[in-house]
Amino acid sequence: MVLPAPFRLFETTTTGDMPVRIEAQERADLNNLQRVDGAWQISRHRPYLYLPKVLAYEGFEREELFLLLHSCFLVDRDGGGHLFLATSGTGKSTLARKMRGLMTGGNDETNILYRRNGVLFVASTPFYTIPKLKQAVISNITAPLKRICLLQKESAAHSHIGAVITEDALWRYLVEGQVSTPYTRREYFGAYHRMVNDLCDNYPVRPFFHNLTDPPERITTLLESEYR
């Protein structure tokens with residue numbers, strides 16, 4: 001299966017480095033996904049309900065970090081990825097729209113964080129909820145990670161970046177719904193917890209306080225400041 005946009009994780013060609021094999025069937029069980037002869041069986045009628053689960057399950061089977069996160073993904077002018085973890089209503093889409101022209105938007109709802117050969121990458125996905133689809137800010141891109149932030153709204157001061165979040169606080173934040181879980185597949189929970197712990201223990205996450213009145217140029221300067 002090849003999606004309308006060539007999101008390489010789902011291509012069954014030899015061009016992708018991590019292909020996910022999928023076969024569309026007339027009928028399939030969303031709550032009991034099955035893999036037959038190496039290919040996940042999904043419904044041809046509503047495939048976008050199945051694909052996030054398929055990708056999450058694939059991630060739990062891989063040897064290195066691979067998590068599907070509720071987030072906004074932006075790539076700066078130097079090609080570095082900025083991943084903003086955020087709950088619904090925190091302003092992921094607002095930030096992505098504001099940064100058009102200065103940064104490239106991957107996806108402002110669901111992205112993949114993964115590690116290959118010791119390097120952490122972010123990859124966009126094509127997954128969107130229907131109400132947000134018309135205003136989607138999305139490109140099919142992958143970039144090495146520069147920073148992970150927890151997006152929060154700010155009204156009393158200019159946008160700024162706070163101190164590193166503690167590992168325990170980050171772990172609680174992630175497992176309360178920000179990272180895809182194995183749902184009912186018990187065999188994946190061990191890998192799920194190892195990956196979440198890996199992220200919390202080894203990668204600093206800082207709160208990014210976003211003031212909606214700040215111009216995009218100020219945001220760009222702030223995000224790139226630590227890497228000059």
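The values are calculated or read from the model by the stated rules, or taken from the named source; none is laboratory data. Predicted model, so just to flag it, every value in this text is computed and none were measured. All Cβ positions, even for glycine, are placed from backbone atoms using ideal geometry, and neighbour counts span all protein chains on display. Surface accessibility is based on the protein's heavy atoms, side chains included, excluding ligands, DNA and RNA. Shrake-Rupley method; radii C 1.70, N 1.55, O 1.52, S 1.80 Å.
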Report task. Please list, in chain and number order, the residues 5+ apart from residue 154 or on another chain whose amide H is under 5 Å from its amide H, with Hs placed from the backbone. Result -> 210, 211, 212
**Report entry** Per-pair calculated FRET efficiency, R0 = 25 Å: residue 97 and residue 158 via Cβ, rounded to 0.05
**Finding:** 0.80
Report task. Kindly provide the helix-only [θ] at 222 nm of the chain, computed as the sum of -39,500 (n - 2.57) over DSSP H runs of four or more divided by all residues, to the nearest 500 deg cm²/dmol? Result -> -7000 deg cm²/dmol
Requested in this report: For the stretch 141-228, just say rounded, prolate or oblate: build the C-alpha gyration tensor, square-root its eigenvalues into a ≥ b ≥ c, call rounded for a/c under 1.5, and beyond that prolate if a/b exceeds b/c, oblate if not.
Outcome: prolate
Requested in this report: Among 154, 109, 58, determine the one that fluctuates most according to a GNM of the chain built with springs between C-alpha atoms less than 10 Å apart.
Outcome: 154
Report summary line: Among 79, 91, 118, the residue with the largest mean-square fluctuation in a Gaussian network model of the chain built from Cα contacts under 10 Å is 118
Query - 218, 185, reordered so the largest accessible area comes first (probe 1.4 Å) - result: 218, 185
Query raised in the report: Can you give the accessible area of residue 142 in Å² (nearest 10), computed on protein heavy atoms with a 1.4 Å probe?
Result: 60
Query raised in the report: Most mobile of 82, 160, 210 per a Gaussian network model of the chain (Cα springs, under 10 Å)?
Result: 160
Report task. Give me the accessible area per residue for the chain, probe 1.4 Å, as a whole number in Å². Result -> 49
Query raised in the report: For the pair residue 32 and residue 217, how long in nm is the line joining their label points, each one 7 Å along Cα→Cβ?
Result: 6.0
Query raised in the report: For the stretch 48-130, what class follows from the C-alpha gyration tensor (a ≥ b ≥ c being the square roots of its eigenvalues): rounded when a/c is under 1.5, otherwise prolate if a/b is larger than b/c, else oblate?
Result: oblate
Report task. Using only the Cα atoms of the chain, build the gyration tensor, take square roots of its eigenvalues as a ≥ b ≥ c, and label the shape rounded, prolate or oblate: rounded if a/c is under 1.5, else prolate if a/b is larger than b/c, else oblate. Result -> prolate
Query raised in the report: Distance in nm between label sites at residue 175 and residue 121, each 7 Å beyond Cα in the beta-carbon direction?
Result: 2.9
